[in-house]
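As structure tokens, the structure follows; a few thoughts come after it.
We did not get these values from a lab; they are worked out from the coordinates using the rules stated. Computed from a predicted structure; not experimentally measured. Positions of Cβ are backbone-derived with ideal geometry, glycine not excepted, and every protein chain shown enters the neighbour counts.
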Amino acid sequence: MSDIVRIDTNQRMSRVVKAAGLVFIGGQTSADLTPDVKLQTAKVLEKIDGFLDKAGIDKTRLVSAQVWLADIARDFAGMNEVWDAWVPEGCAPTRATVQAQLASNELLVEIAVVALA
Amino acid sequence: MSDIVRIDTNQRMSRVVKAAGLVFIGGQTSADLTPDVKLQTAKVLEKIDGFLDKAGIDKTRLVSAQVWLADIARDFAGMNEVWDAWVPEGCAPTRATVQAQLASNELLVEIAVVALA
Amino acid sequence: MSDIVRIDTNQRMSRVVKAAGLVFIGGQTSADLTPDVKLQTAKVLEKIDGFLDKAGIDKTRLVSAQVWLADIARDFAGMNEVWDAWVPEGCAPTRATVQAQLASNELLVEIAVVALA
């Protein structure tokens, strides 16, 4: 349907959906399972950059983000260090960060965002 | 207010809210508490189908979904089996799935979605 | 960019972002860390009222909410008591409430909302 644009779609999920003027990017995780939250966060944000690009925008258009950490006490500071360096000055989205066990034990961080098309 | 349509509203929450061209359906759980994630997922998706219908649309309009599982290691595959069969081909929303303890110990899965009006 | 309005923005996050006709308020927590979920919920909702006001709207415009509780078995009823009293009659948003460890052990509740501009 032309008012919904789905990008990288399979039977389970789309990586990106554009609708109602917004760009939704689902929960992204790192393919590199090295147990280092800074590395995994960097990989996740690199994927998000790629999906924003496929949607025709970039990270200056971020509206809202959710971050899940497998161990928030241990990894909150490390995730934030990489996150803060990634966010364009003056363009920070709203954010909520909570702890959650993710789809595999090796995943330390998952991030979903909404942006403006 | 005519620019916000609320469906099945009580003092705590609405099951559905239409606004800004989108349809929001809050976190739905199964009334049947049988400890079987496939059954509970099917019941949740049946409820979501009903709420989409009340909003005048159907599951081909799905934009985004969040899934919470009480035990992601045990139940991820079972939930996905029912989910994958439910999603219309080519219409998958973005999705994030994490583990979370839900409002009662008997609830195994909760799903919230956003769709396009 | 004039089509995105960011309020109370730092390098990590904005407290409020307006875009696509919606107002996004990120996950808010209580500055008062007294271990009382009713008190913390009241403080969170007071902050949300303030951010809605900065966005030029009020709680009658709520569309969707997510609530995270550090101990859902213990604190669900207490949070709901304060929440139910706060929601304007007939204006309840959709909602999802799950348990999650929050950014510090003393935080008992975190709430994020989406409203209509």
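HN-Hα J couplings of the range C:78-88 from phi, Karplus 6.51/-1.76/1.60, θ = phi - 60°, integer Hz, Gly and Pro as x?
For the range C:78-88, the Karplus curve yields x, 4, 4, 4, 6, 4, 4, 6, 7, 5, x Hz.
As a test of the definition: which semi-axes, in Å, follow for the protein assembly as shown when you take the square root of five times each eigenvalue of its alpha carbon gyration tensor? Largest first, please.
Working from the Cα gyration tensor, I get semi-axes of 24, 24, 23 Å.
Show me, for the range B:109-117, the HN-Hα J-couplings you get by feeding each phi into the Karplus relation (A = 6.51, B = -1.76, C = 1.60, θ = phi - 60°), rounded to Hz, glycine and proline as x.
Calculated HN-Hα couplings, in order: 8, 9, 9, 10, 9, 10, 10, 9, 4 Hz.
Using only DSSP helix segments of four residues or longer, with each worth -39500 (n - 2.57), what per-residue ellipticity at 222 nm results for chain A after dividing by its residue count and rounding to 500?
Estimated from H runs of four or more residues: -9500 deg cm²/dmol.
How large is the Rg to Rh ratio of chain C when both quantities use alpha carbon positions and Rh follows Kirkwood?
Reported Rg/Rh (Cα atoms, Kirkwood Rh): 0.96.
Would you mind checking which residues have amide H under 5 Å from B:Gln28's amide H? H placed 1.01 Å from N; only 5 or more apart, or other chain.
Correct list: B:Ile111, B:Ala112.
Starting with the fewest neighbours, write out C:Glu89, B:Glu110, C:Glu46 ranked by other beta-carbon atoms found within 10 Å of each beta-carbon.
C:Glu89, C:Glu46, B:Glu110
Evaluate the distance, in nm, between pseudo-label points positioned 7 Å from the Cα of B:Ala117 and of C:Asp71 along their respective Cα→Cβ axes.
4.2 nm
With charges only on Cβ, +1 for K and R and -1 for D and E, what is the dipole size of the protein assembly as shown about its Cα centre, in debye, rounded to 20?
That gives the protein assembly as shown a dipole magnitude of about 760 debye.
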